[in-house]
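A quick write-up on the structure given underneath.
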Amino acid sequence: MTQHETYFVIDRDLIIVKATVTGPRRSVTGRFVLDTGSAITTVVPELADSTGYSARDGFIRTRVHTAIGSEEGYGLCVAELKALGFAMPSFAVNVFDLGHDGIDGLLGMNFLSSYNVELRPAELRLLVSKIEP
Amino acid sequence: MGPMSAAEKLAPAISEPLTWAEICARYPDEWVCLVEIEHEVPNGVAIRSARVVGHGKTRRAPFDQVDAGWEQYKLIGHYFTGRITTSSPRPQVILDDAARDLFRHRS
């Protein structure tokens, strides 16, 4: 069983990890919130655009509730999402403008549910192993 | 010397290798695009040093500068030098069961 050790930072009580999105043009690494309360991994449009995707590549339109109302996003299958030391090829994300500075996305349960994740806040460290099928 | 192209006007010079503290001091509360990133530890978030190829007040501004002059870099970092501005960034995504299955089955 492969286990990776990865490190995070805490900002505004949020757990921030590094994640890399790969598209047809390039790979972009950003800061993502590790969010077990989020069903779907979210990426901001600017990051998706920079990797070479656009809304035309989306496989579904999504609707997102925010403080100011309801806005549209889209589902996108990126070539690869890498986080916590593991790469997921052909991975589905929701592209949506989170509207807040400082983060590029949310690492949600459609990524996390493939792994056992041990959170060690005192050490700012995560131990992550892939769940074998 | 002829007039500068649009790309030359837009693309900043690449910086020398800077520590994260130096990047934050030089571009406070800005988004930056970084290349040749050295992290403090493997798989960590903290940056030991990097070179800046774009910066600006919006998320998109540094990407525009990368597109204008630094296409040769196939891996770039996109970071904000300030603090997160909210403690609750999570949107409520409205999905019916069919749409939820689409995300699950593609992941």
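Readers should treat all values here as calculations from the given coordinates under stated rules, not as data from a laboratory. Because the structure is a prediction, the values reported are computed rather than measured. Cβ placement follows ideal geometry from the backbone for every residue including glycine, while neighbour counts extend to all protein chains displayed.
Take each residue of peptide A:5-12, count the partner chain Cβ atoms within 10 Å of its Cβ, and average: the result is 5.
Determine, from the Cβ-Cβ distance of A:Thr2 and B:Ala13 and an R0 of 45 Å, the FRET efficiency 1/(1 + (r/R0)^6), rounded to the nearest 0.05.
0.60
Label-to-label distance for B:Ala21 and A:Ser129 is 3.8 nm, based on points extended 7 Å past Cα in the beta-carbon direction. Comparing A:Gly69, A:Gly30, A:Gly58 in a Gaussian network model of chain A (Cα springs below 10 Å), the most mobile by mean-square fluctuation is A:Gly69.
Dimensions of the stretch A:3-130 from C-alpha coordinates, computed as largest minus smallest value along each principal axis and given longest first, are 41, 33, 22 Å.
Which of A:Val28, A:Thr51, A:Gly85 sits farthest toward the positive end of the charge dipole of the stretch A:26-97, with +1 on the Cβ of Lys and Arg and -1 on the Cβ of Asp and Glu? Selected residue: A:Gly85. What share of Cα pairs, in percent, lie more than 22 angstrom apart in the protein assembly as shown? Tail fraction, whole percent: 52. Size descriptors for the stretch A:1-66, from the alpha-carbon set: Rg then Dmax equal 14.1, 40 Å. Of A:Leu14, A:Leu47, A:Leu84, the residue with the greatest mean-square motion in the GNM of chain A, using alpha carbon springs below 10 Å, is A:Leu14. Distant-in-sequence amide contacts of A:Arg125, defined by a placed amide H-H separation under 5 Å and a gap of 5 or more residues or a different chain, comprise A:Phe8, A:Arg120. Rounded to the nearest 0.05, what FRET efficiency do A:His100 and B:Ala98 have when you use their Cβ-Cβ distance and R0 = 35 Å? Between A:His100 and B:Ala98 the formula returns 0.75. Shielding value for A:91-102 is 5, the average number of Cβ atoms from other chains within 10 Å of each residue's Cβ. Under the criterion of Cα pairs below 8 Å and six or more residues apart, the relative contact order for the stretch A:3-130 equals 33 percent. Can you compute the helix-only [θ] at 222 nm over chain A? Use -39500 (n - 2.57) per DSSP H run of at least 4 residues, normalise by all residues, nearest 500 deg cm²/dmol. So the helix-based figure for chain A works out to -1500 deg cm²/dmol.
In this Cβ point-charge picture (+1 for Lys and Arg, -1 for Asp and Glu), the protein assembly as shown has a dipole of about 160 debye about its Cα centre. For the stretch A:91-130 versus the stretch A:28-42, the spacing of their alpha-carbon centroids is 4 Å. Averaged over the residues of A:55-63, the number of partner chain Cβ atoms lying within 10 Å of the residue Cβ comes to 3.
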